[in-house]
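A quick write-up on the structure given underneath.
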Amino acid sequence: MAEVIVFESPEAAASHVAALLADQIENDPATVLGLATGSTPGRVYEGLARLVRDRSIAVDAVSGFALDEYVGLEPGHPESYRAVIDREVVRPLGLDPDRIHLPPVADGGSPESCRVFEDRIARAGGVDVQILGIGTDGHIGFNEPGSSLGSRTRLKTLTARTRRDNARFFASEDEVPVHCVTQGIGTILEARHLVLLAFGEAKAAAVAAAVEGPLSASVPGSAIQLHPRVTVVLDDAAAAELRHREYYDFAWANRPR
Ligand code: GLP
């Protein structure tokens, strides 16, 4: 079962994950991070950057693989995930940009370039900690409902709902790309530790379906139930529809130390 930890605020939740990542990098300076974008992990990266500075944690050997990237934005577009990762992760943390990889979109996400990306993850030794957000439709990465639970990195078409949700980053919904390249669910499940974050009431239904609902390609986030090491970090609002909330709180309060 996933470990589900509910905090009273997104800030408290993000500090917990930032500390977890700082400890991971301190213990293993060659940590391979799985990087999520979207608005949810922003505070985590800010907190981690502070800890890296305050604790003088060496990050020059850290590498990272982003979960997904839009297809069709001009290079350097501020909302391309490459630009977002550079702005929110690489620069604040002082990571080596050559060690940070995004799913290949330059050639439209050809099967061959997707294979090269997957090989690169394997050659890096696999992802140690995969940070995940979740879409209101239950997607992880950009694996929309219906994605095979065994899928690998590939070209995908975004749902209308995801394009609507992400329109806030663009001038209009029409500017949100239709296609993306995303790590597959099978790819994500190979990371050694999954940390899924969700904040706010808009995520409550997707979180409940992913954590407690039946395992189904219709809710790609439910694939976390297949993984032996998952930490789900929520604020109160995102936890509102969990049936076993009381138990999660009890288990966290009584965690073996
Ligand atoms: C986005 C990203 C996902 C992210 C999710 C939630 O579209 N591709 O990787 O986890 O949808 O986004 P947010 O954190 O902004 O709610």
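Just the accessible area per residue of the stretch 72-142, please: how many Å² with a 1.4 Å probe?
Numbers: 3210 Å² over 71 residues.
With the other protein chains kept in place, the stretch 72-142 gives 45 Å² per residue.
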Item checked: Alpha-carbon gyration tensor eigenvalues x 5, square-rooted, for the stretch 185-230, Å -> 18, 13, 8
Note to self: P(r) for the stretch 19-133, please, calculated from all Cα pair distances in 10 Å bins and given in %.
What the structure shows: 14, 48, 31, 7, 0
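Need the full-extension length gain, Arg243 to Glu74, defined as separation in residues times 0.36 nm minus the C-alpha distance. One decimal, nm. Spell out each step's value before the answer.
On the way: separation 169, 0.36 × 169 = 60.84 nm, distance 4.43 nm.
Extra length available between Arg243 and Glu74 comes to 56.4 nm.
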Checklist line | P(r) tail fraction, the stretch 94-139 - alpha-carbon pairs more than 12 Å apart, % | finding: 73 percent
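Got the relative contact order for the stretch 101-162 handy, in percent, Cα pairs under 8 Å and 6 or more residues apart? Numbers along the way, then the final one.
On the way: 41 pairs, mean separation 21.2, N = 62.
Once divided by the residue count of the stretch 101-162, the mean separation gives 34 percent.
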Next item on the list: List the relative contact order of the stretch 134-246 as a percent without decimals, with contacts defined as Cα pairs under 8 Å and 6+ residues apart.
Entry: 32 percent
Next item on the list: List the relative contact order of the chain as a percent without decimals, with contacts defined as Cα pairs under 8 Å and 6+ residues apart.
Entry: 24 percent
Check: Across 5 Å bins from the origin, how do the percents of Cα pairs in the stretch 140-257 run, short distances first?
Finding: 2, 11, 18, 21, 20, 15, 8, 4, 2, 0, 0
Next item on the list: Quick one: divide the alpha-carbon radius of gyration of the stretch 33-87 by 2.2 N^0.38 Å and tell me what you get.
Entry: 1.26
Check: Just how large is the dipole of the chain about the Cα centre, in debye to the nearest 20, putting +1 at every Lys and Arg Cβ and -1 at every Asp and Glu Cβ?
Finding: 360 debye
Margin query: Out of the total accessible area of the chain (probe 1.4 Å, heavy atoms of protein only), what percent is carbon and sulfur?
Written below: 51 percent
Notebook entry, point to check: How much mean residue ellipticity at 222 nm does the chain get from its helices, if each DSSP H run of length 4 or more adds -39500 (n - 2.57) and you divide by all residues, to the nearest 500 deg cm²/dmol?
Noted result: -9000 deg cm²/dmol
Margin query: Give me, ordered by chain and number, the residues 5 or more places off Val127 or on other chains with an amide H under 5 Å from its own placed amide H.
Written below: Arg192
Item checked: Descending Cα extents along the principal axes, the chain, whole Å -> 50, 42, 34
Next item on the list: Provide the per residue accessible area, probe 1.4 Å, for the stretch 188-257, rounded to a whole number of square angstrom.
Entry: 49 Å²
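The values are calculated or read from the model by the stated rules, or taken from the named source; none is laboratory data. Predicted model only: the values in this text are computed from it and were never measured. All Cβ positions, even for glycine, are placed from backbone atoms using ideal geometry, and neighbour counts span all protein chains on display. Areas reflect the complete protein model, heavy atoms only, side chains present, ligands, DNA and RNA absent. Shrake-Rupley method; radii C 1.70, N 1.55, O 1.52, S 1.80 Å.
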